[in-house]
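Peer 1: Structure below; questions to follow.
The values are calculated or read from the model by the stated rules, or taken from the named source; none is laboratory data. Because the structure is a prediction, the values reported are computed rather than measured. Because the Cβ atoms are built from the backbone with ideal geometry, glycine has one as well, and the counts that use them run over all protein chains shown. Areas reflect the complete protein model, heavy atoms only, side chains present, ligands, DNA and RNA absent. Shrake-Rupley method; radii C 1.70, N 1.55, O 1.52, S 1.80 Å.
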Amino acid sequence: MFDDRKDKLLEKLQDAHGKYYEAPQIFGGPSLYFHRKSLESSCKQDFDRFSEHIYALLTSWGMHRMGLGGAKMRGFEEFSYSLQDVWCTALRLQKKKPDSLCKSDWEDLKKVFCGIRCMATGTSLVGNSKVMAHLMPNLIPPVDRQYTLNFLFGKGQIENGHEKEWEVLSEILKEFFYPIVLSSEFKSHADEWVADPKKFPWDTSHLKIVDNLVIGYQKMIRTE
């Protein structure tokens, strides 16, 4: 169902990538620092450091707003306990790739998604996908309303509830993100970008690159 979106993104790969890195504010700061720290502690399978790094990352990525209104995260202990419950399952999936997932792997991904409790308000898809994107960067991209959902569905709102939200995530993985990262056209560019972290510090995995391209593409068409 996302064929048109896939085609548009693949046609403008380099333009969208360039547009993403055009904005100076994407460099440095706590957002990038905790992004890389979360990936590092996840790779080392260090639960204590990962839980603290990803909690800080979610805050730096705007998942908790002080005062009335806005997104709100759960307390750290409640979040950490929920993460502990799915930790071993997530670690088993770390080395998997999109083209090697079997039925039980998909069931485990759903278990992890539905088990994480990071958001105290409304939708869990955005927060949970960000946690999973750092736990399993080869399998899950970060999803947000402004770019991902608007690009794919033309709106940022979805029906709340872990079961319903998992259906949305699994659909966009199977029908959009995975077909792109498995395409030869994408791989040829993505491998080069990942290999140059100084120039492209946010290109930390192929799925994160697709996320970057979605952002860059939408910024690009808004300025045309």
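Peer 1: Identify all residues within the stretch 4-53 that are open to solvent by 50 Å² or more (accessible area, probe 1.4 Å) and within 20 Å of MET220 (Cβ to Cβ); write none if there are none.
Peer 2: Correct list: ASP4, ARG5, ASP7, LYS8, GLU11, LYS12, GLN14, ASP15, GLU22, PRO24, GLN25, PHE27.
Peer 1: With respect to the numbered conditions (1) open to solvent by less than 30 Å² (accessible area, probe 1.4 Å); (2) outside any helix (DSSP H, G or I), which one is the sole condition not fulfilled by THR121?
Peer 2: (1)
Peer 1: Ok, one more. Which members of the stretch 179-224 meet the condition of being of a type outside the set (A, V, I, L, M, F, W, C), more than 14 Å from PRO98 (Cβ to Cβ), in a helix (DSSP H, G or I) and open to solvent by 50 Å² or more (accessible area, probe 1.4 Å)?
Peer 2: First, the residues of the stretch 179-224 that are of a type outside the set (A, V, I, L, M, F, W, C): 179, 183-185, 187-189, 191-192, 196-199, 201, 203-206, 208, 211-212, 216-219, 222-224.
This time we only want the ones that are more than 14 Å from PRO98 (Cβ to Cβ), so: 184-185, 188-189, 191-192, 196-199, 201, 203-204, 211-212, 216-219, 222-224.
Of the ones still in play, those that are also in a helix (DSSP H, G or I) are 184-185, 188-189, 191-192, 211-212, 216-219, 222.
Within the stretch 179-224, SER184, GLU185, SER188, ASP191, GLU192, LYS219, ARG222 qualify.
Peer 1: Only residues in the stretch 77-90 that are on the phi < 0 side of the Ramachandran plot and surrounded by 13 or more Cβ atoms within 10 Å (Cβ to Cβ) count as the first member; pair them with residues that are in a helix (DSSP H, G or I) and of a type in the set (D, E, K, R), Cβ under 9 angstrom, at least 6 apart or cross-chain, and list the lot.
Peer 2: Matching pairs, first to second residue: SER80/ASP48; SER80/GLU52; VAL86/ASP108; VAL86/LYS111; THR89/ASP108; THR89/LYS111; ALA90/ASP108.
Peer 1: Among the residues that make up the stretch 145-166, is at least one of them touching a Pro at 6+ places or on another chain (Cβ under 7 Å) and part of a loop (DSSP other than H, G, I, E, B)?
Peer 2: We begin by selecting, within the stretch 145-166, every residue touching a Pro at 6+ places or on another chain (Cβ under 7 Å); these are none.
Among the residues of the stretch 145-166, not one is touching a Pro at 6+ places or on another chain (Cβ under 7 Å) and part of a loop (DSSP other than H, G, I, E, B), which makes the answer no.
Peer 1: CYS102: touching a Lys or Arg at 6+ places or on another chain (Cβ under 7 Å) and among the hydrophobic types (A, V, I, L, M, F, W, C), yes or no?
Peer 2: Here the answer is no, as CYS102 does not meet what is asked.
Peer 1: Further question: Among the numbered criteria (1) at pLDDT below 95; (2) in a loop (DSSP other than H, G, I, E, B), which single criterion is violated by LYS96?
Peer 2: Every listed condition holds for LYS96 apart from (1).
Peer 1: Mind listing whichever residues of the stretch 99-118 are in a loop (DSSP other than H, G, I, E, B), touching a residue at least 12 places away in the same chain (Cβ under 8 Å) and of a type in the set (A, V, I, L, M, F, W, C)?
Peer 2: As a first pass, look at the stretch 99-118 and keep what is in a loop (DSSP other than H, G, I, E, B): 101-102, 116-118.
From the residues that got through so far, the ones that are touching a residue at least 12 places away in the same chain (Cβ under 8 Å) too are 101, 116-118.
Once the filter is applied, which keeps residues that are in a loop (DSSP other than H, G, I, E, B), touching a residue at least 12 places away in the same chain (Cβ under 8 Å) and of a type in the set (A, V, I, L, M, F, W, C), the stretch 99-118 yields LEU101, ILE116, CYS118.
Peer 1: Taking the stretch 147-177, which residues are open to solvent by less than 10 Å² (accessible area, probe 1.4 Å) and of a type in the set (Ser, Thr, Tyr)?
Peer 2: Step one: of the stretch 147-177, the residues open to solvent by less than 10 Å² (accessible area, probe 1.4 Å) are 148-149, 151, 165, 169, 172-173, 176-177.
Within the stretch 147-177, THR148 is the sole residue that qualifies.
Peer 1: With the structure loaded, tell me whether ASP144 is surrounded by 16 or more Cβ atoms within 10 Å (Cβ to Cβ) and farther than 22 Å from GLU107 by Cα or whether it fails that test.
Peer 2: Values: surrounded by 16 or more Cβ atoms within 10 Å (Cβ to Cβ): yes; farther than 22 Å from GLU107 by Cα: yes.
In short, yes.
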